[in-house]
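These notes are about the structure you will find just below.
The values are calculated or read from the model by the stated rules, or taken from the named source; none is laboratory data. Treat the numbers as computed from the prediction; the structure is a model and nothing was measured. Methodologically, a virtual Cβ is constructed for each residue, glycine included, from the backbone with ideal geometry; neighbour enumeration extends over all protein chains shown.
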Amino acid sequence: MQLNTKHLLTIRDLNAEEVRGLVQRAADLKAALKGQGHQPSLAGKSVALIFDKPSTRTRVSFEVGVSQLGAKPLFMTSRDSQLGRDEPLKDTARVMSRYVDAMVVRTFGQEVVEELAQWGGVPVINALTDRYHPCQVLSDLLTVREHLGRLQGLTYAWLGDGNNMAHSWLEAAAALGLNLRLACPPDFMPDKGIVDHARERGAEITITHDPREAVVGAQVVNTDVWASMGQEDQAGARRQAFDGYTLDAGLLALADPAAIVLHCLPAHRGEEISEEVLEGPQSVVWDQAENRLHMQKAILEALLAPQAS
């Protein structure tokens, strides 16, 4: 498939057709891998994985995905490059663009991926910033379609922090016109501009402080850790602020009986989600984690080898 963007910095870079196309291509790549029929569409290419934040799923899914597509992954942290020695990002971007065919970046500020994209000559993929997590939510859409057979006509509930995941769900809702309910404590609301953009694009957005209001009748129930990486010093205060937001059996009982539960992991059992729900029959988090691999491959192909997909 062909994307109208050179980079994937946020789901806002994609239109509805492109989002659906990535979901379909990821599903095709998953089926091909299971059938051992996958072709290395990126043979001869190199992809730099530049990670300022440690990771399990993001790193492994991208590194394995790059390899399965026939390309060479090059993993780097800020300790391994001049990024940790105050080299201007525009200099790094221009040099790296002469060595590799794409940069996958997991970092703190959204401005980092934006500057690398501005100055570099190769595609930049946002593997996570403090503001957005587009690859995760795109793969979550694949999981929803796998288990519920569709994306439209569903009610999506988000419980917890109005963080990078909430922001990317809002942008997915904007692209596809989804019905999205977000339950967040008053001091942890999503960015108003991102909410307004989703509503302007036709998404049905409900913002509440009551997790029960968000969950009732929902077909997709989604949560995340209360204290993300870099927020460990706030963990105690956040546990107090998120009291009542634990996705347990009682709260899940308010959802559609056929609802699925998503969690992007790692999970803190007994905080944002109970052990019973995480390991229960409505949890699809392990399929969700696997689907990171297939979506990363679809994104890489669409940016680096559009004729292959």
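Conditions first: (1) farther than 30 Å from Ala241 by Cβ; (2) at pLDDT 95 or above. Gly162 passes all but one, so which condition is the exception?
(1)
Please list, ordered by residue number, the strands (runs of 3 or more DSSP E) wholly in the stretch 204-289 having 1 or more residues that are under 20 Å from Arg181 (Cβ atoms) and charged (D, E, K, R).
Details: elements: 204-208, 220-223, 260-263.
Result: 204-208.
Give the stretch 23-64 a look and list any residue that's at pLDDT below 95, under 20 Å from Asp130 (Cα atoms) and of a type in the set (D, E, K, R), or say none.
Answer for the stretch 23-64, where residues must be at pLDDT below 95, under 20 Å from Asp130 (Cα atoms) and of a type in the set (D, E, K, R): Asp52, Lys53.
Can you find, within the stretch 1-13, the residue that is farthest from Leu300 (Cα to Cα) among those that are within 14 Å of the chain's Cα centre (by Cα) and in a loop (DSSP other than H, G, I, E, B)?
Per the criteria, the residue is Thr10.
Among Gly44, Gly35, which is more than 27 Å from Arg150 (Cβ to Cβ) and of a type in the set (Gly, Ala, Ser)? Give the derivation first.
Working: Gly35 fails: more than 27 Å from Arg150 (Cβ to Cβ).
None of the others qualify; the one that does is Gly44.
Give me the pairs, please: first residue somewhere in the stretch 134-149 and closer than 14 Å to Arg57 by Cβ, second residue anywhere and of a type in the set (Val, Ile, Thr) and not in a helix (DSSP H, G or I), beta-carbon distance under 8 Å, and either six or more positions apart or on two chains.
Going by the 8 Å Cβ cut-off, the qualifying pairs are Cys135/Ile125; Thr143/Ile260; Thr143/Val284.
State which residue pairs qualify: first residue aromatic (Phe, Trp, Tyr) and inside the stretch 276-302, second residue surrounded by 24 or more Cβ atoms within 10 Å (Cβ to Cβ) and modelled with pLDDT of 95 or more in any location, beta carbons under 8 Å apart, and separation of 6 or more residues or different chains.
Every condition considered, no pair remains.
Search the stretch 71-106 for residues being at pLDDT below 95 and assigned to a loop (DSSP other than H, G, I, E, B), and hand back the single one that is surrounded by the most Cβ atoms within 10 Å (Cβ to Cβ).
Once the filter is applied, the top-ranked residue is Ser81.
Is the stretch 178-189 home to any residue that is within 21 Å of Gly21 (Cα to Cα) and not in a strand (DSSP E or B)?
So far as the stretch 178-189 goes, yes, one or more of its residues are within 21 Å of Gly21 (Cα to Cα) and not in a strand (DSSP E or B).
Mind counting the residues in the stretch 233-277 that are among the acidic types (Asp, Glu) and closer than 17 Å to Met189 by Cα?
Here the count works out to 2.
Checking Glu146 against (1) closer than 20 Å to Leu3 by Cβ; (2) charged (D, E, K, R); (3) out of contact with any Ser or Thr (no Cβ under 6 Å at 6 or more places or on another chain), which test does it fail?
(1)
What's the total number of residues in the stretch 29-69 that are crowded, with 18+ Cβ neighbours inside 10 Å and hydroxyl-bearing (Ser, Thr, Tyr)?
Number satisfying all stated conditions: 3.
Within the stretch 208-240, take every residue that is modelled with pLDDT of 95 or more and either of a type in the set (Ser, Thr, Tyr) or farther than 25 Å from Gln288 by Cα (or both) and give me the one that is surrounded by the most Cβ atoms within 10 Å (Cβ to Cβ).
Among those that are modelled with pLDDT of 95 or more and either of a type in the set (Ser, Thr, Tyr) or farther than 25 Å from Gln288 by Cα (or both), it is Thr223.
Could you look through the stretch 126-177, keep only residues that are polar (S, T, N, Q) and outside any helix (DSSP H, G or I), and pick out the one that is farthest from Leu293 (Cα to Cα)? Give the derivation first.
First, the residues of the stretch 126-177 that are polar (S, T, N, Q): 126, 129, 136, 139, 143, 152, 155, 163-164, 168.
Narrowing further to those that are outside any helix (DSSP H, G or I): 126, 129, 152, 155, 163.
Details: Asn126: 15, Thr129: 19, Gln152: 24, Thr155: 26, Asn163: 23 Å.
Only one residue tops the list, namely Thr155.
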